[in-house]
Amino acid sequence: MRRAVLLVFVIVGLAWPLLAPRYFVFLASLVFVNAIVAMGLNLLSGYTHQLSFGHAGFLAIGAYTTALLGLHGGGLPAPLALLGAGVVTAAVGVALGLPCLRLEGLYLTMATLAFGFVVIEAILNLDRLTNGADGLRVPAARMGPWALTTDGARYYLVVVVTALLVIAALNVTRMRVGRALLAIRESEIAAQASGVPVATWKTIAFALSAFYTGVAGGLFAWLIGTLSPDAFDVFLSVDFVVMIILGGLGSVPGSIVGAAVVTVLNDALAGFQNYRPLIFGTILIGCMLFMPGGIAGAWRRQTAP
Amino acid sequence: MVISGLATGSIYALMALALVIVYNATRALNFAQGEMLMVSAFLAWTAQRAFGLPFWASIVVAIGGAALLGFIVERVIVRRSPTATHWDVLIITLGLSLVLRALAGMVWSHDEFPFPSLFSNRPVVVGPVRLAPVSLGIIGASLSLMLALYVLFTRTRLGRAMRAVAQNPRAARLMGVSVERMSSISWVLAAMVGAVAGVLVAPVVFLSTKMGLIVISGFTAAVLGGFGSMPGAVAGGMLLGVIENLAPLYLPSAIRYAVPFLLLIGILTVRPAGLLGRATTRKV
């Protein structure tokens, strides 16, 4: 049963550009990009129970890195450009995480909030590099001699990258890093006492989270074509938080479902700017009061014998 | 320059105090504090505009409305949360801040409104310096409120009970202090302090739904002084206000808006316990 459902999803996913109008191909790509960010944020929040309001900042760093690599990198192939975006963002993540992760949850949250604002200010002020508020045009992604210029081509690139990252996220608990993070989630004190270096692994979780977001940033840059700092404001970070709270903390399928719901809602409510925060705020409060564990948690309770 | 910095600083200090009051009683951060301030400032404005109340009465309306809002939020929403860890409350109040801002936008629109000031605009000349009465008024009003809070926390039974809960909720409960009631009172008190800050700051920054962002400066101030310490919150607020006002003199002016954030990251890196805070060591 579960396999059949999964198979249907895969087939529809692969045939989507042939079935749907162009705009919906773009929207589906955006869902996957947001799902990557949500998975990344969930690696941090789901395991360490620390909230980040800085992921829009990480997304911006990944996006601008990709754009600049495209402009000055001399036709770098897309996978390398994405890898570059991920690595640069992860490095920034480590630089921010090293001091902040020794702190309790509350402080990390506020520090990442501050980080998001600093990134936007930095983009505005480094206008020789980033073109400031005027916006930066992103050259199309290249794969050897081809440039990915159609929505369909970009969609398949996004799908492949998302699939790889989903597989990695699902398997992370089977690796040393995943086990360490699980131990930390259950009890930091017990983990530390068993010889798990808590601070080191938390920094690694932060770096991984930033890496995911950086890669997503690169894909995002190619999707929207023009970057400007106001696309990465703090409300985008809040959207990411809504995705993982609604989807379910620490759940990979939950991240994807949450990303899909929030992205589609965002699109549907584009004409009703006042209702958007009202609905998202209500979702947050409602989830905390009535559905802890989000959609993934509710699903688990429904299907459990 | 320094005086107007101190004026901004006393607003931050009040904001920080409101956050610390709730934090001490419940170990949680109220992310919606800024939006609650914004709503109470709008209430004062409406009382004045629509019902033609005198200024003093509208302030009373704002403080009363804020107290009611704080009470409702604590009773109806926060207390229902199944576990009420700081994580839960943070996300709930984050949701609440979105909802409050959206509702305020529907009721009062997202425009900016001028807010009448208590104090005249004619500068006061003291020796070689000219001082804006607005700044002096803000500093004076804030200081008297802080003094009142100091008396409340050190001289009254209620204040002692609240400090007991802050120190050790379980011991306080064993001594017959109702932790739930103290939590409720803390939310109300914090909302009232926030309302005063709102009425004081509204003439300076204009009344708008964006006012709520001041919560970040308030948090920075509280961290600067050592989170949980009330004198620390006041000192941190004043310091932040002065630094923010003086920074553009020595650094590129574009940096002004990044100052609180850079300062926040800096202080968390170097001295997370804050200037007046005591470092807490955790046993492993």
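The values are calculated or read from the model by the stated rules, or taken from the named source; none is laboratory data. This structure is a prediction, so every number in the text was calculated from the model and none was measured. Cβ atoms come from the backbone with ideal geometry, glycine included; neighbour counts cover every protein chain shown.
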Self-check item: Failed criterion for B:L68 (all others in (1) closer than 30 Å to B:W87 by Cβ; (2) modelled with pLDDT under 85 hold)
Solution: (2)
Self-check item: Complete set of residues in region A:1-31 that are aliphatic (A, V, I, L, M) and surrounded by 15 or more Cβ atoms within 10 Å (Cβ to Cβ)
Solution: A:A20, A:V25, A:L27, A:A28, A:L30, A:V31
Quiz prompt | From the options A:V215, A:V172, A:V158, residue that is surrounded by 21 or more Cβ atoms within 10 Å (Cβ to Cβ), touching a Gly at 6+ places or on another chain (Cβ under 7 Å) and of a type in the set (A, V, I, L, M) | solution = A:V215
Exercise. Could you pull out the residue among B:L53, B:L17 that is assigned to a helix (DSSP H, G or I), in contact with a helix residue (DSSP H, G or I) (Cβ under 9 Å, 6 or more places away or on another chain) and not acidic (D, E)?
Key: B:L17
Practice problem: Could you list, in sequence order, all residues of region A:206-240 that are among the charged types (D, E, K, R) and over 20 Å from A:A122 (Cβ atoms)? | Solution: A:D239
Quiz prompt | Subset tally (residues that are charged (D, E, K, R), without any contact (Cβ under 8 Å) to a residue 40 or more places away in the chain and more than 10 Å from every other protein chain (Cβ to nearest Cβ)) for region A:251-300 | solution = 1
Quiz item: Going by the conditions given, is B:A148 closer than 16 Å to B:A44 by Cα and at pLDDT 80 or above?
Solution: no
Quiz prompt | Any chance B:I21 is surrounded by fewer than 24 Cβ atoms within 10 Å (Cβ to Cβ), more than 14 Å from chain A (Cβ to nearest Cβ) and not polar (S, T, N, Q) | solution = no
Practice problem: Looking at (1) surrounded by fewer than 17 Cβ atoms within 10 Å (Cβ to Cβ); (2) away from chain A (no Cβ under 12 Å), find the lone condition where B:A62 falls short. | Solution: (1)
Quiz item: For region B:165-239, list the helices (runs of 4 or more DSSP H) that sit wholly inside it and hold at least 1 residues that are surrounded by fewer than 23 Cβ atoms within 10 Å (Cβ to Cβ), without any contact (Cβ under 8 Å) to a residue 12 or more places away in the chain and among the basic types (K, R); which are they?
Solution: B:169-174, B:179-205
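Yes or no, residue by residue, for (1) out of contact with any Leu (no Cβ under 9 Å at 6 or more places or on another chain); (2) surrounded by fewer than 23 Cβ atoms within 10 Å (Cβ to Cβ); (3) among the aliphatic types (A, V, I, L, M); (4) within 17 Å of A:A38 (Cα to Cα):
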residue	(1), (2), (3), (4)
A:L223	no, yes, yes, no
A:T226	no, yes, no, no
A:D233	yes, yes, no, yes
A:L236	no, yes, yes, yes
A:V242	no, no, yes, yes
A:G248	yes, no, no, yes
A:V252	no, no, yes, yes
Self-check item: Yes/no for A:G74 being free of Cβ contacts under 8 Å to residues at least 40 places away in the same chain and more than 23 Å from A:K202 (Cβ to Cβ)
Solution: yes
